[in-house]
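Colleague: Pasting a structure below so you can have a look.
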């Protein structure tokens with residue numbers, strides 16, 4: 001009788017079981033890593049919006065802070081060279097933040113308001129996960145103070161929320 005070469009069914013099942021165990025360990029770590037990357041990107045985008053708001057206010061002192069995210073950016077055609085920055089399209093941030101208002105699993109919002117007179121002298125910025133537990137866990141907030149605040153449950157933070165260290 002000839003000796004057959006190859007793997008037995010038991011050997012193949014053991015290899016498949018080991019692969020499944022490794023996958024079960026790796027996939028949750030991958031998801032946590034992706035959420036951490038999304039949250040880091042959101043914090044960076046909030047910082048970018050803070051910087052753009054200050055630049056906007058110094059560029060357009062009669063307006064103050066931008067009333068919307070759209071005013072901080074502008075359509076691609078409006079910001080193509082030789083574009084000139086305007087109150088409605090200052091070309092300070094990219095389209096993902098200004099037009100789409102979504103980036104790396106987060107939804108962004110910003111609003112400048114006038115508390116005295118007609119010049120927008122205060123603003124707020126928010127970044128909320130599109131799907132809590134999948135794209136991110138923390139919600140982020142900032143205002144004209146430049147301090148970024150967060151909540152752990154993905155809800156909209158306020159001025160009373162914990163500051164990011």
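Quick note: the coordinates plus some simple rules give every number you see, no bench work behind them. Bear in mind that the values here come from a model prediction, so they are computed numbers and not experimental data. Backbone-built Cβ (ideal geometry, glycine too); neighbour counts: all protein chains shown.
Colleague: What number of residues in segment 144-160 are without any contact (Cβ under 8 Å) to a residue 60 or more places away in the chain and crowded, with 17+ Cβ neighbours inside 10 Å?
Modeller: Residues flagged as without any contact (Cβ under 8 Å) to a residue 60 or more places away in the chain and crowded, with 17+ Cβ neighbours inside 10 Å within segment 144-160 amount to 5.
Colleague: Something else about it: Out of everything in segment 109-125 that is crowded, with 21+ Cβ neighbours inside 10 Å and out of contact with any helix residue (DSSP H, G or I) (no Cβ under 6 Å at 6 or more places or on another chain), what residue ends up being farthest from residue 49 (Cα to Cα)?
Modeller: The residue in question is 120.
Colleague: Same structure again: Is there a residue in segment 70-88 that is under 25 Å from residue 158 (Cβ atoms) and surrounded by fewer than 21 Cβ atoms within 10 Å (Cβ to Cβ)?
Modeller: Checked segment 70-88: at least one residue is under 25 Å from residue 158 (Cβ atoms) and surrounded by fewer than 21 Cβ atoms within 10 Å (Cβ to Cβ).
Colleague: So, one more: What residue, among those in segment 49-66 that are within 20 Å of the chain's Cα centre (by Cα) and surrounded by fewer than 18 Cβ atoms within 10 Å (Cβ to Cβ), is nearest to residue 116 (Cα to Cα)?
Modeller: By that ranking, first place goes to 54.
Colleague: If I filter segment 126-165 down to residues being touching a helix residue (DSSP H, G or I) at 6+ places or on another chain (Cβ under 7 Å) and in a loop (DSSP other than H, G, I, E, B), which single residue comes out as nearest to residue 65 (Cα to Cα)?
Modeller: 146
So that you can scan it fast, the table gives a plain yes or no per residue for (1) closer than 21 Å to residue 139 by Cα; (2) without any contact (Cβ under 8 Å) to a residue 12 or more places away in the chain; (3) touching a strand residue (DSSP E or B) at 6+ places or on another chain (Cβ under 6 Å):
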residue: 20; (1), (2), (3): no, yes, no
residue: 32; (1), (2), (3): yes, yes, no
residue: 36; (1), (2), (3): yes, yes, no
residue: 47; (1), (2), (3): yes, no, no
residue: 65; (1), (2), (3): no, no, yes
residue: 71; (1), (2), (3): no, no, no
residue: 92; (1), (2), (3): no, no, no
residue: 109; (1), (2), (3): yes, no, yes
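Colleague: Kindly indicate whether residue 67 is in contact with a helix residue (DSSP H, G or I) (Cβ under 7 Å, 6 or more places away or on another chain) and part of a loop (DSSP other than H, G, I, E, B).
Modeller: no
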